[in-house]
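One structure below.
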Amino acid sequence: MIRAIEDYVRSLGLDAYLVGGAVRDELLGLESKDADFLVPGVDTDALRAALEPHGRVENLVVADRLVGVRLHPRDPEIRALAPAGIEFAPPRKEVSTGPGRHDFEIVADPSLSVEADMRRRDFTVNAMARRLEDGTIVDPLDGRADLERRILRTVSPMSFAEDPLRLVRGLRFVSQLGFELDEQTRAQMVEEAPAVRLVSGERIGGGLAADGMGELSKLLLGARPAAALIAARDTGVLVELIPEFGPARYLADHIFAVVQETADAGDHLAVRLAALFHDLGKPVDDDPHGHALVGAQIARDTLRRLRYPERLTRRVVAIVREHPYRDEDRPRTPREARRFLLQHGDELAFDLVAIRLADLRGKGGDVTGVEELRALLEQELPAPHRLSDLAVDGDDLIAIGFRPGPDLGRALQELLEIVVDDPSMNDRERLLEHAKVEGWPASR
Ligand code: ATP
Ligand code: MG
């Protein structure tokens, strides 16, 4: 897929270089999802002028600065391959704007070399470029050697100080790529850990992208989140990011093991986040129910601070809040399973199964009961248990004399409970008959 985009870009007649993650991934033999291009010798205006004949060109703005352009190609085949567009940037460098080490800007400078652009990047393995024209690799920091040894190394000792988001990006690559931190890079991480507080929530939680896909999410969605979280704890980054991990230090090994289980099971990001927060309430309240409520509050506050999308935040909070239940209370009959689906809704019901499986596996517990619950829930899923499954709706009740309003909603809810207890009741005539006989307040 990247090849086809490359061929297209080559046909545009620019002296473009494939850069960043795409080069890294191709050398690792991994499929890369996006391709970014660097075009030396031009500024953004010239880039725009060169690309405009080929499609719609959009400005790429990061932190209020124009860093490049995005082309939405007119060619439908290419557009299908790169639905989000193709990014082109002139070389950039860091320019100091004040006395502090965080006072700098990234500015475009067409006269810069490709090597210079590589040197302002975050890690050596991300600081490689491949020239489309002749395939030469520009690798001034010997990223290839680090790639082969699977080592993550910063491009400079000031890297984390200059942009503390790189602390989380580095941990993200530990999880995604399974790389080890270089020893000096680890020491720099320890040194700069407190600076992670300066990073805006958007860049961590992904509110900017509106999909929650910031660096922390990519860390959790990687294959080895436990390794990354252990490194985050040992370097002090984790407690700066989520201070509640301080008092919960004694629970961290269990929490990381549970997060790893959610990754191994391929669980949704919401379940992985819930795993991260699920026991953080314990230092405050050791009661099973109490710790879940405290944990849910910690999850809500943290995810809002990190600008996670509200829908995802609510899903995580619900999982954390409801995650403890006693095995004696687990649904065992088809009817109890349908009630469980009614009570929680399908999404939360299966999320709760997922977190429970991960929690038990994380402590080497017996999961047969939870596996049974999951099978039972799946078996009952086709049975009516949602308002939309009900053989009658609000209009049907209004037609027999109910008035619109909250009581009408309650009547429908009661009919649904009847149907959940006895699916054979899900018959229009029988339900309407029942509604008439009951003579609920809304029917007067
Ligand atoms: P992914 O596969 O998730 O896209 P990526 O390495 O391509 O990983 P991007 O966020 O797409 O990550 O960034 C593209 C490239 O830009 C990186 O490979 C790196 O060279 C550079 N880069 C991104 N963010 C930073 C940063 N905060 N500091 C320095 N360089 C960065
Ligand atoms: Mg990328």
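Selection of segment 104-133 for residues being near ligand 1 (Cβ under 10 Å from one of its atoms), at pLDDT below 95 and among the β-branched types (Val, Ile, Thr) yields only ILE106.
For segment 125-144, a residue qualifies if it is touching a residue at least 12 places away in the same chain (Cβ under 8 Å) and more than 16 Å from ligand 2 (Cβ to nearest atom), and the qualifying residues are ARG131, LEU132, GLU133, ILE137, VAL138, ASP139, PRO140, LEU141, ASP142, ARG144.
Only a single item in (1) away from ligand 1 (no atom under 16 Å from the Cβ); (2) out of contact with any strand residue (DSSP E or B) (no Cβ under 8 Å at 6 or more places or on another chain) is not met by ASN59, and it is number (2). Within segment 43-53, one or more residues are outside any helix (DSSP H, G or I), touching a Pro at 6+ places or on another chain (Cβ under 6 Å), closer than 15 Å to GLY68 by Cβ and more than 12 Å from ligand 2 (Cβ to nearest atom). Quick one: how many residues across segment 13-46 are closer than 21 Å to ARG119 by Cβ and over 32 Å from the mean Cα position of the chain (by Cα)? Residues flagged as closer than 21 Å to ARG119 by Cβ and over 32 Å from the mean Cα position of the chain (by Cα) within segment 13-46 amount to 5.
Restricting segment 399-408 to residues that are surrounded by 14 or more Cβ atoms within 10 Å (Cβ to Cβ) and at pLDDT 90 or above leaves a set whose member that is nearest to the chain's Cα centre (by Cα) is LEU408.
Taken together, the criteria place ASP34 among residues that are on the phi < 0 side of the Ramachandran plot and within 16 Å of ligand 2 (Cβ to nearest atom).
When segment 335-385 is filtered for residues that are in contact (Cβ under 8 Å) with a residue 60 or more places away in the chain and either assigned to a loop (DSSP other than H, G, I, E, B) or surrounded by fewer than 18 Cβ atoms within 10 Å (Cβ to Cβ) (or both), the ones remaining, listed by number, are ARG335, ARG339, LYS363. Checking every residue in segment 59-67 against the condition of being surrounded by 16 or more Cβ atoms within 10 Å (Cβ to Cβ), within 16 Å of ligand 2 (Cβ to nearest atom) and within 30 Å of GLU148 (Cβ to Cβ) gives zero matches. Do we find that GLU180 is surrounded by fewer than 18 Cβ atoms within 10 Å (Cβ to Cβ) and touching a strand residue (DSSP E or B) at 6+ places or on another chain (Cβ under 7 Å) in this structure? Yes; evaluated as a whole, the condition is true for this residue.
The values are calculated or read from the model by the stated rules, or taken from the named source; none is laboratory data. What you are looking at is a predicted structure, and each value in this text was computed from that prediction instead of being measured. Positions of Cβ are generated from backbone atoms using ideal geometry, with glycine treated the same way; all protein chains shown enter the neighbour counts.
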